[in-house]
Structure formats: structure tokens, C-alpha cells
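What follows is a short report on a single structure.
What follows is calculated from the coordinates using simple rules that are stated; it is not laboratory data. Here the structure is a predicted model, which means the values were calculated and not measured. In this analysis, Cβ positions are derived from the backbone assuming ideal geometry, glycine residues included, and neighbour counts consider all displayed protein chains.
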Amino acid sequence: MKRRICYLTGTRADFGLMKSTLHAIAADPRLQLELIVTGMHLSERYGNTVAEIETGGFDIAARIPVELGDASAASMAINLGSMLLGFVPVLQAMKPDLLLLLGDRGEMLAGALAAIHLGIPVAHLHGGERSGTVDEPVRHAITKLAHLHLVATSEARDRIVRMGERGEVVHVVGAPGVDGLVETPRPDRAALCQEAGFDPARPVALMVFHPVLQEADDAARQVREVLSAAEGLQVLALMPNSDAGSEAVRKELNMASEGGRVSLRTHLRREDYIGWLANADVLFGNSSSGIIEAASFGTPVVNIGTRQNLRERNSNVVDVPVDAGAVRAALSAAVANGRHVPANVYGDGQAGRRIVELLATTQLNASLMAKCNAY
């Protein structure tokens, strides 16, 4: 009998990172993959990215809509409760053998809370990492609810063991988002620039900037600082996620787009995003793709502000505060110095293979389910 693996996805970001691994799970004869889709995937405003899941041929077991509303701190907290109410009856009816979660977003925390109360084992990817914002305690909370830990780096593994998790259930697999990056068919620079109306002979910058919950009231000023620093560059910008402060970021980006300062996109297919990541002269903002994926192409990254604070860095990343002068200087240096030698602390591109093997062979017994600190 196949082991039934349920993956919960709420954003274009987590699905993009997991896409190749999800295909590997679905293709393994020992496993059966089902998806619960929620959050931004089901919103027209955020690109209705459930369509990308459907065209990928994945089995969507359930869709749990949430009211993204005014993208405030309060709505983020309320949505945790809404998602929990939606996940419990779905998981109760599905009865998967294991729930697979990635990262630190609220939907993952709600999924972990539902599963542990229903006696469903939880496997957590990308635990043990630091970020210094609200993401970090949420990530660690999911770690303490999870039964099987599939981590990206040795440093993350050591941290989870120090948190009291048993070493035998903490496995270094690498970051799934690194898998297949270099090999993925993608548009070249000329095609991308033509579509965006850019001159391929001039510097091109990819901008991905999300609000930080604790700094939501300052989000508008922050994005203005960042945009003013990029004057003179051809900028392809992505809309932010749905976190508190995102409305202010969206408003500033829309004004910049109307003024011809950026070419703005609500969503890019994974293949197109990888194309931009591989061909841009610099990525700037505060996306985890700058910390994790960009290094596989040697793309220079100007990481701005606190959102990725304390995460392990590759040599292509430069950290600057949200200050126009500092960002401008860093962008200028990044473009002038050019690409880095591709090298990535987050893995060798084989995470999916390791994840599939652990999902298929880990004993889902009472010992695994017995959550208690190892010290």
C-alpha cells in the first residue's frame, strides 16, 4: 500500500521551491501525493496561482480559501484561526500518513497544529534557520510541533538538536529550491528583456521586496527608499506577499510602474522567475531566493533590511540597511563587480531525492510521535 503524503501550499513561493520535489514524490511507486491549497494561491489579486498547480498535473485534495482582506497584522492572526478551522475537517477526512510542510508562514503553523492534534505525523522542511523577524519564532514553533525534520544545512540541524529535538529524526537534505535550478529550461536574457521592454545591453535588476510584520507601519517609506536607490537601472519588480504592510508596498510599486520606473509583475511562472534570476545583473530586496537560490547562478544580491537577518549567507550576498544611499552604493558595486562563481551552501541539488527516500522509509510509529525534549 502506498504511503499517502499530503503537502500544504499557500503561496507561489513555497510551491515554486517544492515543485520538483513534489513531482519526485508523485513519481515514486511507494508514495501517493495529495495537496491542500490555500492562501494567496486562491486569490485573483495574487495571481490565482492555483492554476499553475493544476497545469502541473498535481492532485488537489482540498482548497481552503481565506479572506486576505486588508493585509494587516490582525488579519494575519485571524487567518491562522480560519485556516485551522478549515484544515481540521479536511485532514480528518483525508487521514494522510504524513503532512509535509515548508518554512515559516502562518498556514504551515496552522497545518502543524491541526495535524498534531489529529495524530498525523508532520515532516518539516527548512527548520532550524534564523531570520530575526516574526518568521523565526513561527518557524521554531513548527519545529517543536513536527516529528521529522528535513533541514537545509548542518548548522540548521545543530540548532534543532540544541532545541531539544532527537538527533535521529533530524536529517540534512539540502534546500529543495536548489534542485534543478541550473538545468531548468528558461528564457534567455534577450527574450526576457524584449518582453519587459528592456535594453539587454544595459544593467538589469530584479526586485523582490516584502514587508516585515514588525515594521509594517514603515513599509511605504522603506520601499520608496529602495526604489529611489535603483534609479538608472532597468528594474523588473514583483508584487509582495499578503503580509501586514503589503498594501503600502503594492501602492508604491504601482506608482513606480505608472511612472515608468519599473516593469511590474503580479506573478512569474517558476521557469520565468528562474530566467530572471539567472540573467539579471543583480537581485535586490529581501527575498529568501536571494539568500538561497541566487548563489547557484552566481547572481549578485543586495539584501535589504531585517527580513533575512541571521540566515546563512553565500558569498554573493551583501547586506545593507533600508537607506537609499547604502542601497545605491551596493547596487553600483554589484553591477560593477559582476557575477560570482556559482557555489551554494544550501545544497547540491539532490534534496528531492533524499526527501523522497526519507518520506518513504521513516517508520511512522509511536516512537516518532512521542514529542518530548531530548534533554
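What the table shows:
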{"quantity": "Segment Arg202-Asp217, length gained on full extension (0.36 nm per residue, minus Cα span)", "calculated": "1.9 nm"}
{"quantity": "Mean projected area (nm²) of the alpha-carbon convex hull when region 189-337 is viewed from all directions", "calculated": "8.0"}
{"quantity": "Linear extension gain, Arg224 paired with Ala366, 0.36 nm per residue minus alpha-carbon span", "calculated": "45.8 nm"}
{"quantity": "Selected from Val302, Val356, Val341 as most flexible by GNM, with the chain as the system and alpha-carbon contacts under 10 Å", "calculated": "Val341"}
{"quantity": "Partners for Lys2 among aspartates and glutamates (Cα-Cα distance below 20 Å; same-chain residues under 8 apart left out)", "calculated": "Asp28, Glu34, Asp59, Asp97, Glu357"}
{"quantity": "The chain pair-distance distribution - Cα-Cα, 20 Å bins, rounded %", "calculated": "30, 60, 11, 0"}
{"quantity": "Backbone N under 18 Å from the Ser332 label point (7 Å along Cα→Cβ), restricted to region 275-297", "calculated": "282-284"}
{"quantity": "Label point distance in nm, Ser257-Ala374, each placed 7 Å from Cα along Cα→Cβ", "calculated": "4.7"}
{"quantity": "Span per principal axis, largest first, for the Cα atoms of region 136-206 (Å)", "calculated": "53, 26, 18"}
{"quantity": "Cα convex hull of region 1-126 - mean projected area over all directions, nm²", "calculated": "7.3"}
{"quantity": "Gain in span if fully extended, Leu358 to His267, counting 0.36 nm per residue against the direct Cα distance", "calculated": "29.5 nm"}
{"quantity": "Residue among Ala205, Ala219, Ala326 with the largest mean-square fluctuation in a Gaussian network model of the chain, springs linking Cα atoms under 10 Å", "calculated": "Ala326"}
{"quantity": "Among Ala114, Ala237, Ala24: highest mean-square fluctuation, GNM of the chain, C-alpha pairs under 10 Å", "calculated": "Ala24"}
{"quantity": "Per-residue [θ]222 nm for the chain (sum of -39500 (n - 2.57) over DSSP H runs n ≥ 4, rounded to 500)", "calculated": "-12000 deg cm²/dmol"}
{"quantity": "Ranked Cys6, Cys193, Cys372, criterion: other C-beta atoms within 10 Å, fewest first", "calculated": "Cys372, Cys193, Cys6"}
{"quantity": "Pairwise FRET efficiency - Leu118 versus Lys144, Cβ, R0 = 25 Å, nearest 0.05", "calculated": "0.90"}
{"quantity": "Inter-part distance where region 1-60 and region 259-315 are each reduced to a Cα centre, Å", "calculated": "23"}
{"quantity": "³J(HN,Hα) computed for each position of region 223-239 - Karplus, 6.51 cos²θ - 1.76 cosθ + 1.60, integer Hz, glycine/proline x", "calculated": "5, 5, 4, 5, 5, 5, 6, 9, 4, x, 9, 7, 10, 9, 10, 9, 5"}
